[in-house]
Amino acid sequence: MATMSALQSSFTSLSISSNSSFLGQRLLSPIPLSVASPVKLAENRPCLVFAKLKRWERKKCKPNSLPILHKMHVKFGDTVKVISGRDKGKIGEVTKIFTHNSTIVIKDVNLKTKHMKSREEGEPGQIVKIEAPIHSSNVMLYSKEKEVVSRVGHKVLEDGQKVRYLIKTGELIDTIEKWKQLKEAKDKETTQVAAASAS
């Protein structure tokens, strides 16, 4: 009974105040808190939080979550010359365009070795060379007639058609005949692929 009364008296003597922690030590706040002037605190004190960007952080997207497409000075079928990198000086035709990261694939340029596994049993694996993408800023448009590289310009023709041209030579890049040839070549290629897959 005596021990119970001693415990009760010791518990009542312990009191936790608003400015002390559970262990009885006073908590010191580094910034004086005042309800009257919260704006002055933000203005006077520098921000001590540093946000570190991560390497894998996403690029900016549109409101519909699709990536922002980059405008490029080259299009499918253009003849270009590589102006920097390992394949500097090589000339080729643009075969693919990736607008989400502004890269292009050029025929017989930036070749990479790929090891292919065998698809069927008994068929051996093989090592093939594939064309890897290259950034569009590493190429310039090339004139086959004058054999010079040039920047691209835009102008509107008399019939209202907007075309690209080479600034150095004045040569038109976007002509109706050229686009017809490219379309025919692409159609022929798709029919060959369809015929090969059917047989």
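The values are calculated or read from the model by the stated rules, or taken from the named source; none is laboratory data. Small disclaimer: the values here were computed from a predicted structure and weren't measured. Here the Cβ positions follow ideal geometry from the backbone for every residue, glycine too, while neighbour counts run over all protein chains shown. Only protein heavy atoms, including side chains, enter the accessible area calculation; ligands, DNA and RNA are left aside. Shrake-Rupley method; radii C 1.70, N 1.55, O 1.52, S 1.80 Å.
Structural remarks
- Comparison of Lys168, Lys96 shows that the only residue that is part of a loop (DSSP other than H, G, I, E, B), free of Cβ contacts under 8 Å to residues at least 40 places away in the same chain and surrounded by 10 or more Cβ atoms within 10 Å (Cβ to Cβ) is Lys168.
- Scan of region 144-163 for residues that are in a strand (DSSP E or B) and free of Cβ contacts under 8 Å to residues at least 60 places away in the same chain, ordered by number: Val148, Ser150, Gly153, His154, Lys155, Val156, Lys162, Val163
- Answer from Lys178, Lys90 - the residue that is under 26 Å from the mean Cα position of the chain (by Cα) and of a type in the set (Lys, Arg): Lys90
- The residues of region 138-163 that are of a type outside the set (A, V, I, L, M) and either open to solvent by less than 50 Å² (accessible area, probe 1.4 Å) or within 16 Å of Val80 (Cβ to Cβ) (or both), listed by number, are Asn138, Tyr142, Ser143, Lys144, Glu145, Lys146, Glu147, Ser150, Arg151, Gly153.
- Subset of region 71-84 (residues that are over 15 Å from Lys178 (Cβ atoms), in a loop (DSSP other than H, G, I, E, B) and open to solvent by less than 80 Å² (accessible area, probe 1.4 Å)): Met72, His73, Ile83, Ser84
- Boolean, His135 is of a type outside the set (A, V, I, L, M, F, W, C), surrounded by 10 or more Cβ atoms within 10 Å (Cβ to Cβ), free of Cβ contacts under 8 Å to residues at least 12 places away in the same chain and closer than 19 Å to Ile97 by Cβ: no
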